[in-house]
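Reading through the structure tokens given below for one structure.
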Amino acid sequence: MSLRRDYHDESFGFRKPRQYVFPDYTPTQLANRAKNAALLRYVDSMRAHGHRAARIDPLDLIHREDVAALSPARYGLADPDEKFDVNGILWTRRVGQGNDEPEMWTLREIEEGLRRVYVGNIAHEYMHSPSKTERLWFSHLLESQTLPSPNDRPLIEIKDEHRKRIHGLLARSEVFDNFLQLKFPNLKRYGLEGGESMLPALDSLFSAAALAGLQHIILAMPHRGRLNLLTDLLQYSPAGMFHKIRGGFEIPEELGAEGDVLSHLVSSPTLAYNDPSGSTHELKVSLLPNPSHLEAVNPVAMGKTRAKQYALLKTSPEDCELGDKVMCVQLHGDAAFTGQGIVMESLGLSNLPHFTSGGSVHLVVDNNIGYTTPASNARSSLYCSDIGKMINAPVLHVNGDYPEDVARAMDIAFRYRNYFRKDIIVDLLVYRRWGYVRLHNELDLPNLTSPLMYEKIAARKSVPVLYEEKLIADEVISPNEASNVRQSYKSHLESELQSVSSYTPSASMLSEQWSGIVWPASASANHEPDTGVDVGLLKEVGKGSVEIPQGFEIHSKLGRHVKNRLKSLETGAGLDFATAEALAMGTLLISGNDVRISGQDVGRGTFSHRHAMLVDQKTEKVTVPLNEFAIQTAGERGKLELANSSLSEFAVLGFEYGLSWEKPNLLPIWEAQFGDFFNGAQVIIDTFISSGETKWLKQSAIVMMLPHGLDGAGPEHSSSRIERFLQLTNDRYDSSEPRPNINMHVVYPTTPAQYFHLLRRQLLRNYRKPLIVASPKGLLRLAAASSTLEDMAPGTKFQPVLADPTVQNDNSVKRVVILSGKLYYDLVKHRQSLVDAAGATDVDPSSIAFVRIEEIAPFPFEELGEVLRKYPCADEFGFVHEEPRNQGVLPHVKERIEAVMRDEGIQEKLVVVGREQSPVPAPGVGVLYKKTQAEVIDAAFRKWDY
């Protein structure tokens with residue numbers, strides 16, 4: 001049974017998943033299942049509960065009860081020599097083979113076979129899946145050790161050469177950790193000791209992916225074992241790492257970036273794997289940079305993975321599938337996988353039409369402890385992987401003491417992902433030998449809080465040593481060979497350490513698809529491109545944005561929306577924000593750029609203003625008129641993806657940011673329902689959006705649309721908390737300072753034309769920057785807040801500061817009121833009412849000019865100074881602010897406005913008018929809101945006390 005509706009399934013970015021159906025039971029098999037119902041119950045119990053008795057904990061600390069469900073006697077099966085026909089109950093043949101041929105097994109053989117599969121070093125959880133096909137797939141694979149089709153690549157075989165490769169990975173990891181401990185004893189290195197099987201796990205996964213034809217893996221991981229992985233499988237220069245450890249830059253110093261800590265280093269090598277015939281398959285693995293906020297990188301990796309599929313989705317045949325060439329791999333720690341809510345949010349995106357990337361493989365490096373918190377205090381579930389059951393993901397638990405079984409588990413995991421294109425979890429149970437970080441001081445003694453665990457750890461040999469001894473005993477390698485592996489790698493590390501003095505870091509951030517982009521701080525950066533468009537083309541795009549297909553029945557209330565847009569395009573005036581947005585997106589599409597808007601109900605728009613996606617009222621089929629229009633124009637055209645998202649901010653914003661890392665010709669827009677709803681995604685803003693370029697040289701064109709403005713909606717629907725973004729910028733304080741390479745732009749546009757130019761500027765500049773938009777709510781349909789086509793014509797562009805267009809005589813201005821945002825329209829309206837009333841007022845309303853600062857950061861020192869010079873007779877200057885004094889743009893602009901006044905020789909004081917400071921953005925009591933809003937507006941026209 002499927003709960004999926006076809007709603008939105010025809011919009012760009014969606015591919016209907018392939019349907020996988022195993023043959024149903026034959027009548028003969030069904031009859032046998034009924035005849036041997038007790039045996040069937042026993043077999044299904046082993047499949048469902050065998051994991052509870054499996055040998056998956058290397059320390060044997062996980063409490064294992066005597067699972068009664070695993071005893072044949074529980075089902076009345078007592079004679080071990082009794083024979084049963086297992087056809088249709090156990091799967092011993094390839095799918096479709098011998099379906100009606102009986103196969104007789106004794107009860108003893110059945111029990112031994114089931115225990116080999118389900119109660120060994122790998123425990124399988126898949127019976128919770130509601131999909132019969134997936135349950136049958138696992139049962140067939142595990143019990144018959146064959147794959148559905150004879151054409152499938154055979155299951156992994158661990159031969160001697162493979163064993164030697166595993167041994168090399170394990171041994172080099174141990175040598176590396178010992179080397180760092182010897183040379184840098186006080187280093188926080190997050191070593192892999194106890195979890196070395198992570199390396200053969202990933203090697204097995206990469207090999208399976210390469211041999212299956214995948215070309216790229218996007219890898220996200222936390223700290224533990226990162227340095228081991230980087231310097232071994234991912235080919236990161238040990239000399240570069242030692243250079244970083246000694247305080248050097250990991251990136252070219254002349255770029256002006258500040259870098260990140262050791263445990264966030266990255267690498268993107270191309271690996272080569274040989275198939276049994278000797279043919280070589282290449283696979284590029286890109287390890288993403290990440291912050292210390294565990295799991296925050298997960299949705300970023302998912303977004304980047306999906307973005308790599310955009311070209312395929314646009315150009316490939318209909319049988320192209322997400323995940324054919326690109327795969328997302330996410331590593332986790334057990335405590336974080338259970339404890340961090342972003343894990344749940346990201347899993348929730350995994351199968352959604354506009355967010356899936358064809359399935360992720362999750363590898364949990366499971367220490368059974370988080371920092372010093374034991375698992376019993378860290379989660380409420382039996383396994384850390386139980387969170388994956390929210391999406392019915394299968395789980396393979398595997399004992400890290402057995403690297404060959406780890407490799408087999410990863411091979412199975414890849415096959416599942418590649419067959420069903422869904423997420424799967426491998427829970428790698430290991431231990432952490434030295435605590436959170438290996439520092440020899442009394443503050444890092446894990447046995448203070450986990451004495452029994454660390455008593456066992458101290459008494460046991462390491463995983464590399466145990467495996468090495470096994471291979472020597474099996475005569476796969478000799479003691480000398482084992483010693484040589486370790487000694488040669490130690491010598492290599494010694495050599496790399498000696499070469500640190502000559503090491504020079506490099507950067508490849510502007511290669512491949514980014515080769516046409518420049519570094520924002522370079523002399524070639526074009527900060528203000530001409531973003532205007534021919535008026536005739538604008539009219540064509542605008543009409544195309546509301547063109548309805550023949551026979552397509554839109555909602556009756558949308559007729560006015562279409563009519564109003566066409567009328568404004570015809571007259572060239574009265575264009576609203578939604579029309580300006582459509583014009584910006586449409587003109588970008590026909591230039592070959594892609595646009596994606598994501599968020600909750602973005603197709604229609606939170607305020608029912610956008611309607612970029614139309615839904616047939618009878619069939620629920622969807623059309624995106626701008627895409628249809630773009631298709632009809634010549635040349636390579638972009639696509640508009642309208643991704644109505646889940647009710648998530650953290651994961652969805654991270655996903656969109658990940659898209660922006662991959663595609664410089666994509667305009668990714670995330671729109672919050674209301675401005676402050678981004679609160680749940682603050683980690684993404686702090687650690688990625690505001691700092692990604694400075695830390696990692698990562699450019700991004702992400703646009704955050706945050707509806708902002710006090711209008712009586714109360715504390716949580718009023719403010720975009722713009723002050724938080726401004727605090728995160730590296731904006732200069734004074735015009736005499738050098739213009740910085742500002743980390744992100746923060747704007748508060750008040751006209752549709754300004755918004756139009758901002759969106760186009762994002763992609764027409766030859767570099768990329770995040771853009772934070774305090775976007776309109778009440779202005780969306782306000783007639784006064786409209787633009788003309790001429791405002792968007794060639795030669796026009798975004799204006800960081802807007803002078804008062806209603807002032808007839810600049811010399812008559814005595815008071816200059818500086819402000820930002822929609823309050824401008826309230827003030828202009830009130831001024832007109834005072835002029836019309838012609839009554840006595842403290843200040844002549846016609847002598848007041850309202851100057852709008854539209855781009856808050858970077859602060860427009862020169863542009864504001866130019867506008868202030870327009871009013872030479874002004875002797876009063878104030879800033880009017882509808883937000884509380886401690887919020888909004890005031891904390892950012894006051895000092896900077898005063899600097900501009902000093903530069904212009906203005907001696908007068910800057911008067912601040914606005915609400916008193918408050919712990920909330922706006923009052924929730926309607927009467928109080930109206931009173932305070934009226935006071936703010938009225939104060940702009942009263943005599944000011946200095």
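The values are calculated or read from the model by the stated rules, or taken from the named source; none is laboratory data. None of these values were measured; they are calculated from a predicted model. Here Cβ is always computed from backbone atoms with ideal geometry, including for glycine, and neighbour counts include all displayed protein chains. Note: areas computed on protein heavy atoms with side chains; ligands, DNA, RNA excluded. Shrake-Rupley method; radii C 1.70, N 1.55, O 1.52, S 1.80 Å.
Take Val465: with every protein chain present and a 1.4 Å probe, its accessible area is about 40 Å². A Förster radius of 51 Å, combined with the Cβ-Cβ distance separating Ser506 from Asn679, puts the computed FRET efficiency at roughly 0.85.
Gyration tensor over the Cα atoms of segment 535-792: the corresponding equivalent ellipsoid has semi-axes (square roots of 5 times the eigenvalues, largest first) of 30, 20, 19 Å. For Phe249 and Gln513, the difference between the fully extended length at 0.36 nm per residue and the C-alpha to C-alpha distance is 92.5 nm. When all alpha carbon pairs of segment 27-144 are counted in 5 Å bins from zero, the resulting P(r) reads 2, 11, 20, 24, 21, 13, 5, 2, 1, 0 %. Heavy-atom accessible surface of segment 804-940, averaged per residue, reaches 43 Å², computed with a 1.4 Å probe.
The orientation-averaged shadow of the Cα convex hull for segment 804-940, equal to a quarter of the hull surface, comes to 8.5 nm². Taking only C-alpha pairs under 8 Å that are 6+ residues apart, what is the relative contact order of the chain in percent? It comes to 11 percent, rounded to a whole number.
Summarising the label geometry, the points placed 7 Å from Cα in the beta-carbon direction at Leu448 and Ile62 lie 2.9 nm from one another. Packing-based ranking of 642-648, 395-401 yields 395-401, 642-648, ordered from highest to lowest mean Cβ neighbour count within 10 Å. Residue pairs exceeding 25 angstrom between C-alpha atoms, taken from Lys325/Lys639; Lys308/Lys422; Lys797/Lys909; Lys308/Lys539: Lys797/Lys909; Lys308/Lys539.
The accessible surface of segment 27-144, taken with every protein chain in place and a 1.4 Å probe, is 48 percent carbon and sulfur. Spacing of the modelled spin labels on Lys930 and Lys618, each 7 Å from Cα toward Cβ, amounts to 4.7 nm. Stretched out straight at 0.36 nm per residue, the stretch from Asp686 to Glu258 would grow longer than its current Cα-Cα span by 152.5 nm. About the centre of its Cα atoms, segment 532-627 shows a dipole size close to 280 debye [charges on the beta carbon of Lys, Arg (+1) and Asp, Glu (-1) only; nearest 20 debye].
For the peptides 748-754, 684-690, the ranking by packing is 748-754, 684-690, with the highest mean count of neighbouring Cβ atoms within 10 Å listed first.
Under the classification rounded if a/c is under 1.5, otherwise prolate if a/b is larger than b/c and oblate if not, where does segment 156-233 fall, given a ≥ b ≥ c as square roots of the Cα gyration tensor eigenvalues? Judged from the Cα gyration tensor, segment 156-233 comes out oblate (a/c at least 1.5, b/c at or above a/b). Think of segment 113-178 as having a plus end and a minus end, set by charges on the Cβ of Lys, Arg, Asp and Glu; of Phe138, Pro150, Gly168, Pro150 sits farthest toward the positive end of this dipole. Set the Cα radius of gyration of the chain against 2.2 N^0.38 Å, with N its number of residues, and you get 1.08. With the charge dipole of segment 535-792 set up from +1 on Lys and Arg Cβ and -1 on Asp and Glu Cβ about the Cα centre, the Cα lying farthest toward the positive end among the listed residues Phe607, Gln727, Gly592 is that of Gly592. Ranked by the mean number of other Cβ atoms within 10 Å of their residues, highest first, the peptides 705-714, 857-866, 157-166 fall in the order 705-714, 857-866, 157-166. For segment 85-171, the mean projected area of the C-alpha convex hull, equal to one quarter of the hull surface, is 7.8 nm². Scattering from the C-alpha atoms of segment 230-326 alone, worked out with Debye: what is log10 I(q)/I(0) at q = 0.10, 0.15, 0.16, 0.19 1/Å? Results for segment 230-326 at q = 0.10, 0.15, 0.16, 0.19 Å⁻¹ read -0.42, -0.85, -0.92, -1.09. For segment 787-848 versus segment 551-565, the spacing of their alpha-carbon centroids is 35 Å. Put simply, the amide H of Ala521, placed in the peptide plane, has no neighbours under 5 Å, leaving out anything fewer than 5 places away on its chain. Taking all Cα pairs closer than 8 Å and separated by 6 or more residues, the relative contact order of segment 535-792 comes to 23 percent.
Within segment 234-255, find all residues whose amide N lies under 13 Å from a label point positioned 7 Å from the Cα of Asn730 along Cα-to-beta-carbon. Within reach of a label on Asn730, which here means backbone N under 13 Å from a point 7 Å along Cα→Cβ, segment 234-255 contributes 253-255.
Taking label points 7 Å from Cα along the Cα-to-Cβ direction, Ser499 and Arg869 give a separation of 5.7 nm.
Surface analysis of segment 533-629 yields an accessible area of 41 Å² per residue, using protein heavy atoms and a 1.4 Å probe. Using bins of 5 Å that start at zero, the share of Cα-Cα pairs per bin across segment 80-226 amounts to 2, 7, 11, 14, 15, 15, 11, 9, 7, 5, 3, 1, 1, 0, in whole %. To the nearest 0.05, what FRET efficiency results for Asn480 and Ala793 with a Förster distance of 51 Å applied to their C-beta separation? After rounding to 0.05, the efficiency reads 0.05. Take segment 683-763 with all the other protein chains still there, run a 1.4 Å probe, and you get 26 Å² of accessible area per residue. If R0 is 35 Å, the Cβ-Cβ spacing of Val828 and Arg902 corresponds to a FRET efficiency of close to 0.75.
Ellipticity at 222 nm from helices only: DSSP H runs of n ≥ 4 in the chain, each -39500 (n - 2.57), divided by the residue count, give -10500 deg cm²/dmol. From the cross-link list Lys543/Lys829; Lys829/Lys930; Lys188/Lys456; Lys164/Lys304, which pairs have alpha carbons spaced over 26 Å apart? Those over the limit are Lys543/Lys829; Lys164/Lys304.
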